[in-house]
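S.K.: Below is one structure. I have some questions about it.
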Ligand SMILES: Nc1ncnc2c1ncn2[C@@H]1O[C@H](COP(=O)(O)OP(=O)(O)OP(=O)(O)O)[C@@H](O)[C@H]1O
Ligand SMILES: [Mg+2]
């Protein structure tokens, strides 16, 4: 429908959505006499809220005395994800919604559980994985003309579901307005080319680290040591998104049943000469060092390319368990 006038109201709703896109939460109450156009305004805001998930609840006067009635409407469709919540929060929500027996739950705990559940529901599904990288392509004839010798900020993502769901999931990425957009349905074997690693072995060195977090301050520091103005010999500096199923212990998963770090960093460069090998090693180490404040307590052995002790690449509980087994 075409909404007439209401410029101030629409601007206020627009500001709320923009703030949310920037990570700032907010609340706005729209009130007015019956028929004044409240619902029309909200529908208009929903239409402009691309990339948002919309949850609707309806207040019913006769339910006023029922505790958590509205919260139940809000959370009901998301309860499938409740098993991801910490046990006290999951139990509090279960009791509040009459799904399990128990004492009247603490309201603070119920509220916290609802927030955790919303955060879970807002996250992308386990099936999608993504990484961001800075890629510097060498000025070599093998590199296609429009890419040769240039540096890029690159996002890669893979999703093994249907095309429509995949397109919806990457919509926020497309809104960034990429210079090149090569997202497409591809046969599984083509996945090995997604990361554009050379087909043949080439002399190179890389090193990585697990990160417990990667906030804006870490992005700034990474950009300073490896970004456009850094003058680095590194060809690729990437940050992989972990989390999801990786973060949940797999039953029978052995010494390392999960990875609870949030991101993996890997930095690499080509080393055709000993001088370049030294420079690449130095810069890869510099990237690791610069991100030290956010390092997780252990690293990943596949991405650890400088000699490291077992204690550096295993969670400490796993490491101590393995030591005990070895000693017995
Ligand atoms: N700015 C507008 N431009 C065009 N039509 C509008 C506008 N605002 C409201 N309308 C129309 O006016 C009618 C009433 O609006 P709406 O249902 O949004 O009111 P409401 O405030 O939600 O009412 P209620 O309090 O009954 O829920 C609807 O047919 C709606 O399409
Ligand atoms: Mg209405």
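S.K.: If I filter region 87-95 for residues that are within 27 Å of residue 170 (Cβ to Cβ) and more than 16 Å from ligand 1 (Cβ to nearest atom), do I get at least one hit?
M.R.: Restricting attention to region 87-95, the residues satisfying the condition of being within 27 Å of residue 170 (Cβ to Cβ) are none.
No: region 87-95 contains no residue that is within 27 Å of residue 170 (Cβ to Cβ) and more than 16 Å from ligand 1 (Cβ to nearest atom).
S.K.: In addition: Looking only at region 31-67, which residues are on the phi > 0 side of the Ramachandran plot and more than 9 Å from ligand 1 (Cβ to nearest atom)?
M.R.: 51
S.K.: Residue 33: outside the structural domain of residue 117 (by TED's automatic domain parsing), free of Cβ contacts under 8 Å to residues at least 60 places away in the same chain and within 16 Å of ligand 2 (Cβ to nearest atom), yes or no? Walk me through how you get there before you give the answer.
M.R.: Working: outside the structural domain of residue 117 (by TED's automatic domain parsing): yes; free of Cβ contacts under 8 Å to residues at least 60 places away in the same chain: yes; within 16 Å of ligand 2 (Cβ to nearest atom): yes.
Taking the combined requirement at face value, the residue satisfies it.
S.K.: If a residue has to be more than 25 Å from residue 119 (Cα to Cα), outside any helix (DSSP H, G or I) and without any contact (Cβ under 8 Å) to a residue 12 or more places away in the chain to count, how many in region 36-56 make the cut? Can you show your working first?
M.R.: Going residue by residue through region 36-56, those that are more than 25 Å from residue 119 (Cα to Cα) are 36-41.
Within this subset, residues satisfying the condition of being outside any helix (DSSP H, G or I) are 36-37.
After this cut, where a residue has to be without any contact (Cβ under 8 Å) to a residue 12 or more places away in the chain as well, the list is 36.
The total comes to 1.
S.K.: Of the residues 121, 101, only one is in a loop (DSSP other than H, G, I, E, B) and either under 31 Å from the mean Cα position of the chain (by Cα) or exposed (fewer than 13 other Cβ atoms within 10 Å of the Cβ) (or both); which?
M.R.: On the way: 121 fails: in a loop (DSSP other than H, G, I, E, B).
From the options 121, 101, the qualifying one is 101.
S.K.: Answer yes or no: is there a residue in region 316-323 that is under 21 Å from residue 238 (Cα atoms) and either surrounded by 16 or more Cβ atoms within 10 Å (Cβ to Cβ) or modelled with pLDDT under 95 (or both). Steps first, answer last, please.
M.R.: If we filter region 316-323 for residues that are under 21 Å from residue 238 (Cα atoms), which is where we start, we get none.
No, because not a single residue in region 316-323 is under 21 Å from residue 238 (Cα atoms) and either surrounded by 16 or more Cβ atoms within 10 Å (Cβ to Cβ) or modelled with pLDDT under 95 (or both).
S.K.: Please find, among 23, 59, the residue that is assigned to a loop (DSSP other than H, G, I, E, B), under 29 Å from the mean Cα position of the chain (by Cα), surrounded by fewer than 11 Cβ atoms within 10 Å (Cβ to Cβ) and at pLDDT below 90. Give the steps one after another, and end with the answer.
M.R.: Working: 59 fails: under 29 Å from the mean Cα position of the chain (by Cα).
Residue meeting the stated conditions: 23.
Here is a yes/no grid of residues against (1) over 25 Å from residue 52 (Cβ atoms); (2) more than 20 Å from the chain's Cα centre (by Cα); (3) in the same structural domain as residue 81 (by TED's automatic domain parsing):
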{"position": "148", "(1), (2), (3)": "yes, yes, no"}
{"position": "170", "(1), (2), (3)": "no, no, no"}
{"position": "178", "(1), (2), (3)": "no, no, no"}
{"position": "188", "(1), (2), (3)": "yes, yes, no"}
{"position": "203", "(1), (2), (3)": "yes, yes, no"}
{"position": "206", "(1), (2), (3)": "yes, yes, no"}
{"position": "221", "(1), (2), (3)": "yes, no, no"}
{"position": "230", "(1), (2), (3)": "yes, yes, no"}
{"position": "235", "(1), (2), (3)": "yes, yes, no"}
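S.K.: Confirm whether residue 28 is in a loop (DSSP other than H, G, I, E, B), within 16 Å of ligand 1 (Cβ to nearest atom) and surrounded by fewer than 15 Cβ atoms within 10 Å (Cβ to Cβ).
M.R.: Numbers: in a loop (DSSP other than H, G, I, E, B): yes; within 16 Å of ligand 1 (Cβ to nearest atom): yes; surrounded by fewer than 15 Cβ atoms within 10 Å (Cβ to Cβ): yes.
Considered against the rule, which asks whether it is in a loop (DSSP other than H, G, I, E, B), within 16 Å of ligand 1 (Cβ to nearest atom) and surrounded by fewer than 15 Cβ atoms within 10 Å (Cβ to Cβ), residue 28 comes out as yes.
S.K.: List the number of the failed condition for residue 74; all other conditions in (1) in a helix (DSSP H, G or I); (2) without any contact (Cβ under 8 Å) to a residue 40 or more places away in the chain; (3) more than 30 Å from residue 176 (Cα to Cα) hold.
M.R.: Going through the list (1) in a helix (DSSP H, G or I); (2) without any contact (Cβ under 8 Å) to a residue 40 or more places away in the chain; (3) more than 30 Å from residue 176 (Cα to Cα), residue 74 breaks only (2).
The values are calculated or read from the model by the stated rules, or taken from the named source; none is laboratory data. Note that the coordinates shown come from a computational prediction; the quantities given were computed from them, not determined experimentally. With ideal geometry, Cβ positions are generated from the backbone for all residues, glycine too; neighbour counts draw on all protein chains shown.
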